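S.K.: Pasting a structure here, questions to come.
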Amino acid sequence: MKFLALIIGLSFFSAIIVGVSPKQANASSISRESHNRFNPLSYPSYSSLYSIGQIHQLTDKQALICPIAHYISCIKQLPARVSAQLPLRQSVSQSLGLKTAMVMPVVDQDIAGIVVINDKLPVINQSVALNGQAYQFNLEQQTQLTLWHELGHLENISLQESHLLLPLTPYQHEWLADYYLAWRLAHESGSVSLIWQQLHRRNIAVMNTTGNIGHWSSPQLLWLLNRYEVDDIIAFEQYADFIADAYPHAPQINDTEMDEISSLMQRTFGRGAVQALPHYMFWQQQRLIEVLHPTLVHLMGAELANAWLIQQFSEAEKVISTDE
């Protein structure tokens with residue numbers, strides 16, 4: 001049987017930590033004050049958690065999280081009607097490669113799908129070169145964030161099944177998975193700081209390789225961060241209610257616009273970009289500047305970031321002055 005495989009994330013790191021769902025947290029004795037502290041030491045170790053796989057409770061269904069090394073023994077936990085839908089280990093391993101993880105949805109009333117993860121060390125930073133200078137961006141809790149992103153794919157597929165979401169493009173699947181991540185982070189940490197980290201990480205990834213633009217959720221994350229305070233997100237106890245409020249208003253980027261933005265990104269950050277062309281694709285510059293600006297300021301500082309943007313884009317000075 002054919003299966004839908006969604007390949008997610010950067011190479012060489014894996015999502016190895018499972019958190020507690022908001023529904024489970026509400027049922028526990030953990031107080032809101034202690035629950036809002038994002039403490040990595042509260043999660044089980046890799047070896048104990050993923051020896052044969054872990055069942056994770058989603059809103060309406062369950063997901064099985066398996067390391068690729070234990071794929072065969074892991075899927076034996078599933079009912080035969082579900083495991084019969086999954087491919088052989090060799091096929092999964094080839095599809096996974098050196099990427100972070102692979103999500104395989106299944107058709108079942110109780111099981112949403114399986115998340116297969118790589119047995120790799122987590123990435124702790126990213127780097128990008130601007131004006132001949134290398135800038136490093138440190139990542140915190142990125143393994144956990146990646147897992148929640150992937151589980152978000154399964155949550156959103158379930159919402160499609162219940163007709164709360166219309167059919168989605170691959171790009172919409174990606175940024176909506178980051179919306180689930182943002183909702184989880186608000187509930188689990190009581191903070192938006194790691195939502196900003198995800199925005200910066202997506203920006204840096206596409207600065208380095210325009211091929212990552214299919215995962216470029218930064219425009220939608222920036223809109224979310226400008227629209228909602230953390231308490232606003234927490235007020236949505238159910239993810240479906242949050243999406244019902246956010247999705248109709250979130251920025252949509254069609255294929256033509258994405259091609260133009262990708263071309264502008266390639267001309268700005270690609271290896272062949274040796275001379276600035278400040279008027280190139282000027283009609284897409286405002287959107288790109290608004291999304292990249294917070295990340296560039298974080299990396300370079302406001303003065304250098306603004307000067308660099310003005311050098312690259314004819315629309316930058318107007319956009320920056322409006323923001324200030």
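The values are calculated or read from the model by the stated rules, or taken from the named source; none is laboratory data. Keep in mind that this is a model prediction, so the values were computed, not measured. A quick note on method: Cβ atoms are made from the backbone with ideal geometry, for glycine too, and the neighbour counts reach across all protein chains shown. In case anyone asks, the SASA skips ligands and DNA or RNA and just uses the protein heavy atoms, side chains included. Shrake-Rupley method; radii C 1.70, N 1.55, O 1.52, S 1.80 Å.
S.K.: For residues that are β-branched (Val, Ile, Thr) and touching a strand residue (DSSP E or B) at 6+ places or on another chain (Cβ under 6 Å), scanning just the range 112-155, find the one that is farthest from residue 72 (Cα to Cα).
M.R.: The qualifying residue farthest from residue 72 (Cα to Cα) is 128.
S.K.: Does residue 222 satisfy the condition of being hydrophobic (A, V, I, L, M, F, W, C) and either farther than 24 Å from residue 269 by Cβ or within 11 Å of the chain's Cα centre (by Cα) (or both)?
M.R.: No, not satisfied.
S.K.: What's the number of the condition residue 246 fails, among (1) surrounded by 20 or more Cβ atoms within 10 Å (Cβ to Cβ); (2) in contact with a helix residue (DSSP H, G or I) (Cβ under 6 Å, 6 or more places away or on another chain); (3) among the small types (Gly, Ala, Ser)?
M.R.: So residue 246 meets the others, but not (2).
S.K.: State yes or no: is residue 203 buried (at least 22 other Cβ atoms within 10 Å of the Cβ) and either within 18 Å of residue 251 (Cα to Cα) or not polar (S, T, N, Q) (or both)?
M.R.: Yes, satisfied.
S.K.: Which residues, counting only those in the range 203-232, are more than 24 Å from residue 101 (Cα to Cα), in a helix (DSSP H, G or I) and either in contact with a Leu (Cβ under 8 Å, 6 or more places away or on another chain) or of a type in the set (Asp, Glu) (or both)?
M.R.: The answer is 222, 225, 231, 232.
S.K.: Next question, about the same structure. Please go through the range 49-81 and give me each residue that is within 26 Å of residue 181 (Cα to Cα), modelled with pLDDT of 90 or more, of a type in the set (Val, Ile, Thr) and over 25 Å from the mean Cα position of the chain (by Cα), ordered by number.
M.R.: 75
S.K.: Here is a follow-up. Here is a check on your reading of the model: is residue 185 open to solvent by 10 Å² or more (accessible area, probe 1.4 Å) and not basic (Lys, Arg)?
M.R.: Considered against the rule, which asks whether it is open to solvent by 10 Å² or more (accessible area, probe 1.4 Å) and not basic (Lys, Arg), residue 185 comes out as no.
S.K.: If a residue must be outside any loop (DSSP other than H, G, I, E, B), open to solvent by 60 Å² or more (accessible area, probe 1.4 Å) and of a type outside the set (D, E, K, R), how many such residues does the range 139-172 contain?
M.R.: Selection size over the range 139-172: 1.
S.K.: With 226, 254, 306 as the choices, which residue is open to solvent by less than 40 Å² (accessible area, probe 1.4 Å) and of a type outside the set (A, V, I, L, M)?
M.R.: 306
S.K.: Can I ask one more? Could you name every one of the helices (runs of 4 or more DSSP H) located completely within the range 254-324 that has at least 3 residues being under 26 Å from residue 197 (Cβ atoms), modelled with pLDDT of 90 or more and of a type in the set (A, V, I, L, M, F, W, C)?
M.R.: Helices (runs of 4 or more DSSP H) meeting the threshold: 255-269, 282-300, 302-312.
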